[in-house]
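Okay, structure first, notes after.
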Amino acid sequence: MNLTRNALIVMMMAMFVLAIWVWEPLLRKGVGHFLYKEEYANPMATKTNYSASFSKPYGGPFELIDQQGRSFSDQSLLGRPAAIFFGFTHCPEICPGTLSKLSIWYEQLGDPDLQIIFVTVDPERDTESLLDEYVSIFTAPIKALTGTPEQIADVAKAWGIYVKKVPLENGDYTVDHTATIFLQKSNGDFGGTISPMEDHEVALKKLENILG
């Protein structure tokens with residue numbers, strides 16, 4: 001599958017997920033279980049151990065690279081509030097839907113001084129160039145991060161991210177992962193979370209809170 005076709009598929013799925021989002025009550029009752037799993041949305045359900053050296057419930061030191069090949073670390077997050085989401089470019093529903101919602105909220109907040117960070121959980125396939133084209137589909141400025149499998153595993157563990165590679169019948173694979181958006185204040189303090197099915201106004205309020 002070529003990259004252009006991937007981009008079209010992502011856009012179509014993003015529109016589909018946003019339409020499904022309107023049917024939130026049905027999704028929570030199980031109609032949309034293929035889009036939303038409670039254990040993936042709640043990181044505390046799977047996070048059983050993280051370094052005691054961390055002074056906050058999520059996060060820790062890391063050194064990754066962005067879609068332009070530039071170094072990006074935990075220190076790079078300081079000075080501006082951030083919304084951090086873990087996913088992958090081949091994700092069929094949750095990832096394009098979440099990034100689309102983040103883009104909508106970003107615009108509704110008036111292009112705020114907010115960092116939107118997309119950390120891949122699929123570093124084997126998500127190259128810098130693929131990440132660059134993927135995030136360019138969305139209207140908000142998104143910083144995409146990747147690294148070695150070991151680096152990504154360490155970051156995922158520090159943030160309590162559930163990640164599991166799932167083989168497909170055609171020999172390919174997909175990745176199950178936590179779908180929570182993590183919020184961080186400009187001073188590095190933990191600012192809360194936004195769940196996959198968060199109410200629109202509640203999500204906006206949470207973002208406003210970390211923007212000060």
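The values are calculated or read from the model by the stated rules, or taken from the named source; none is laboratory data. Nothing here was measured: the structure is a model prediction, and the numbers come from that model. For neighbour counting, all protein chains shown are included, and Cβ atoms are generated from backbone atoms with ideal geometry for every residue, glycine included.
Kindly indicate the residue of region 169-188 that is among the polar types (S, T, N, Q) and surrounded by fewer than 23 Cβ atoms within 10 Å (Cβ to Cβ) and also nearest to SER100 (Cα to Cα) among those meeting that condition. Walk me through it before giving the result.
To start, the set of residues in region 169-188 that are among the polar types (S, T, N, Q) comprises 170, 174, 178, 180, 184, 186-187.
Now restrict to residues that are surrounded by fewer than 23 Cβ atoms within 10 Å (Cβ to Cβ): 170, 174, 186-187.
Details: ASN170: 29, THR174: 20, SER186: 23, ASN187: 26 Å.
Only one residue fits best here, namely THR174.
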Worksheet item: Would a scan of region 172-195 turn up a residue that is in contact with an Asp or Glu (Cβ under 6 Å, 6 or more places away or on another chain) and more than 14 Å from GLN67 (Cβ to Cβ)?
Response: yes
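State whether the residues of region 64-77 include one that is closer than 20 Å to GLY192 by Cα and touching a residue at least 12 places away in the same chain (Cβ under 8 Å).
To start, the set of residues in region 64-77 that are closer than 20 Å to GLY192 by Cα comprises 74-77.
Subsequent filtering for residues that are touching a residue at least 12 places away in the same chain (Cβ under 8 Å) retains 74, 77.
For region 64-77, residues closer than 20 Å to GLY192 by Cα and touching a residue at least 12 places away in the same chain (Cβ under 8 Å): present.
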Discussion item. At pLDDT 95 or above, within 14 Å of the chain's Cα centre (by Cα) and in a strand (DSSP E or B): is that true of ALA144 in this structure?
Written reply: yes
Worksheet item: In region 177-204, what residues are within 21 Å of ILE152 (Cβ to Cβ) and among the aliphatic types (A, V, I, L, M)?
Response: ALA179, ILE181, LEU183
Response to the item:
Cβ pairs under 9 Å, 6+ apart or interchain, first in region 102-117 and within 17 Å of LYS185 (Cβ to Cβ) and touching a residue at least 24 places away in the same chain (Cβ under 8 Å), second assigned to a helix (DSSP H, G or I) and of a type in the set (Val, Ile, Thr), ordered by first then second residue, are LEU114/ILE210; ILE116/VAL135
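Residue by residue, here is whether (1) closer than 17 Å to ALA82 by Cβ; (2) hydrophobic (A, V, I, L, M, F, W, C); (3) buried (at least 18 other Cβ atoms within 10 Å of the Cβ) holds:
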position: ILE116; (1), (2), (3): yes, yes, yes
position: SER136; (1), (2), (3): no, no, no
position: VAL166; (1), (2), (3): no, yes, no
position: HIS200; (1), (2), (3): no, no, no
position: GLY212; (1), (2), (3): yes, no, no
Practice prompt. Would you please name the residue that is surrounded by the fewest Cβ atoms within 10 Å (Cβ to Cβ), looking only at residues in region 67-105 that are within 14 Å of the chain's Cα centre (by Cα) and polar (S, T, N, Q)?
Written response: SER103
Practice prompt. Would you confirm whether any residue within region 190-211 is within 28 Å of GLU63 (Cβ to Cβ) and either in a loop (DSSP other than H, G, I, E, B) or acidic (Asp, Glu) (or both)?
Written response: no
